[in-house]
Amino acid sequence: MSQEVSRSAWSSRIGFILASAGSAVGLGAIWKFPYMAGTNGGSIFMLPTIAFSLTIGLALLMAEMCMGRHARGGAGTAFRKLGGRRWGIIGLISVATGALVLGFYSVVGGWCVHYLIEALLGRAAVTDPSVMRGAFEAFAADPIQSVGSHVLFLSATAAVVLAGVEKGIERVGKILMPLLFILMLVLIVRGLMLPGAMEGVKFLFKPDPEAFTGEALLNAMGFAFFSLSVGSGSMMNYGSYLSDKVSIGPSTAWIVCLAVMASILGGLMIMPAVFAFGLSPDAGPGLTFATMPAVFGRMPFGDIFAVAFFLCLFVAALTSAISILEMTSQHFVDRHGLKRRTSVLLVSTVLGLIGIVCALSFGPLSDVKLFGKTAFDLLDYVTSNIGMPIGCMGIAFVACFVSWKTTEAELSMNASWRPWALRAFRLFAGILAPLLILVVAAKGIGLF
């Protein structure tokens, strides 16, 4: 299997792992995971999330990487090459899903840019969560600030992607991912030093059978799958740049472990401090942008820690956005022969316009709704509950049944798999994953 000369490639295994981990980590680890844990009983959500990620999520991600490397292309190419023209439609859905995700995700990335600037100016630490909540709502409703922040974030993403895989994405990943973990550890240590912080640790790690609910278990399933970026096409594209000399199994395991570790650290970064100051852990999405500034406002040198915290958010958002923009841009290079620079600029412009509509849905366009949802909410709903599940199901069936021999060959390259291990992989990725995804998707669209 020869690698096309014209196609980009990772220069090192560690570069691939860190860039892919950056894609998987995203805002999910720092923004979504803590508030999901807070509203779903802490350990009752966290422990199943870890279990699902390290088993079924890992198997499905490995299958996606196998498809990408064998086809030497992203989802739009890999599904068509491995499954035939009909399966190629699933690939196009995955590409479109990833693009639409970035359309609204860049708005949230813009929020991170705004709060990082506010923190640097010493205005991100307050003592009253309601004050910060009001400030956030005013900022989101302001068309100039919200759109400007979105455009700034997407421009930073495009700048990295324009620099290329090795000189841009890989180099940035090697810097930003270690920086992210260092900053998180600093904030965790500071939070654990606060009186009463251990209650937050118990909330996350001490099993409480009485708090168990089916709702929490389903939410854990959903988070485990979609926090790894499976089904959006970005990981398949990253896999297409991977050398034949690298073993997919261990490398993917590292990616999943780093993503799980980032989620655990995200919880430890927020929950102990929240409990230490007697604030509510079930504040929902506002836990990051309203509750945490109140924590910093009551903490000595809070302004400094606020800068570190919002820098974490920005880094996590950027590394994930880079992978999606790279995937979408590379699709037009592979399938339509566009030059890389032209493709990146074209895709960035289109997604920028989509993001502007999403940003305005919190302000001037808040009353403009389709199916009862604003533009932001509609894209979130469609990608999470329809697009990504379709992509995940497609990966499971193509990798484990339609093109199983190629998957087996990719897994066995530079690695020795026993027959029982291959059967277990096929069971997790090809049977259990689709079943659980169907359940999660059915819940997401309100069937039960």
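Quick look at the values:
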{"quantity": "Rounded D (µm²/s) - the stretch 227-350, Kirkwood Rh over Cα pairs, Stokes-Einstein at 20 °C, 1.002 mPa s", "calculated": "123 µm²/s"}
{"quantity": "GNM flexibility winner over the chain from Pro209, Pro250, Pro195 (Cα, springs under 10 Å)", "calculated": "Pro209"}
{"quantity": "Fraction of accessible area attributable to carbon and sulfur, the stretch 295-340 (%, probe 1.4 Å)", "calculated": "66 percent"}
{"quantity": "Heavy-atom accessible surface of the stretch 359-448: percent carbon and sulfur, 1.4 Å", "calculated": "67 percent"}
{"quantity": "Gaussian network model of the chain, springs between alpha carbon atoms under 10 Å - residue of Asp367, Asp142, Asp303 with greatest fluctuation", "calculated": "Asp367"}
{"quantity": "Loop-resident sites, the stretch 193-250, for chymotrypsin sites (Phe, Trp or Tyr not before Pro), counting at most 16 other Cβ within 10 Å (DSSP)", "calculated": "Phe212"}
{"quantity": "Arg85 paired with Leu345, simple spin-label distance in nm, labels 7 Å along Cα-to-beta-carbon", "calculated": "3.5 nm"}
{"quantity": "Apportionment of accessible area to carbon and sulfur, the stretch 28-178, percent (1.4 Å)", "calculated": "66 percent"}
{"quantity": "Charge context of Thr77, other residues only, Cβ under 10 angstrom, K/R +1, D/E -1", "calculated": "+3"}
{"quantity": "Near-label residues of the stretch 156-185 by backbone N, under 16 Å of a point 7 Å along Cα→Cβ of Ile304", "calculated": "183-185"}
{"quantity": "Per residue accessible area in Å² of the chain, where ligands, DNA and RNA are left out and the probe is 1.4 Å", "calculated": "39 Å²"}
{"quantity": "Once the Cα gyration tensor of the stretch 31-155 is diagonalised, semi-axes √(5λ) in Å", "calculated": "37, 23, 11"}
{"quantity": "Nearest-0.05 FRET efficiency for Ser243 and Arg423, computed from C-beta distance (R0 22 Å)", "calculated": "0.20"}
{"quantity": "Qualifying trypsin sites (Lys or Arg not before Pro) for the stretch 146-250 [loop in DSSP, other Cβ within 10 Å: at most 16]", "calculated": "Lys245"}
{"quantity": "Mean projected area (nm²) of the alpha-carbon convex hull when the stretch 146-215 is viewed from all directions", "calculated": "8.8 nm²"}
{"quantity": "Spin-label model distance (nm) - Leu47 vs Phe448, 7 Å beyond Cα toward Cβ", "calculated": "2.3 nm"}
{"quantity": "Calculated [θ] (222 nm, deg cm²/dmol) that DSSP helices of n ≥ 4 give over the chain, each run adding -39,500 (n - 2.57)", "calculated": "-23000 deg cm²/dmol"}
{"quantity": "Residue among Leu258, Leu427, Leu379 with the largest mean-square fluctuation in a Gaussian network model of the chain, springs linking Cα atoms under 10 Å", "calculated": "Leu427"}
{"quantity": "q = 0.07, 0.09, 0.13, 0.14 Å⁻¹: log10 I(q)/I(0) that the Debye formula gives for the chain, counting C-alpha atoms only", "calculated": "-0.32, -0.54, -1.16, -1.34"}
{"quantity": "Distribution of pairwise C-alpha distances over the stretch 326-421, 10 Å bins, in %", "calculated": "13, 23, 29, 22, 10, 3"}
{"quantity": "Binned Cα-Cα distance frequencies in the stretch 306-376 - 5 Å width, integer %", "calculated": "3, 15, 15, 15, 16, 18, 12, 5, 1"}
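The values are calculated or read from the model by the stated rules, or taken from the named source; none is laboratory data. Quick caveat, the model's predicted, so the values are computed rather than measured. With ideal geometry, Cβ positions are generated from the backbone for all residues, glycine too; neighbour counts draw on all protein chains shown. Accessible surface areas use protein heavy atoms only, side chains included; no ligands, DNA or RNA. Shrake-Rupley method; radii C 1.70, N 1.55, O 1.52, S 1.80 Å.
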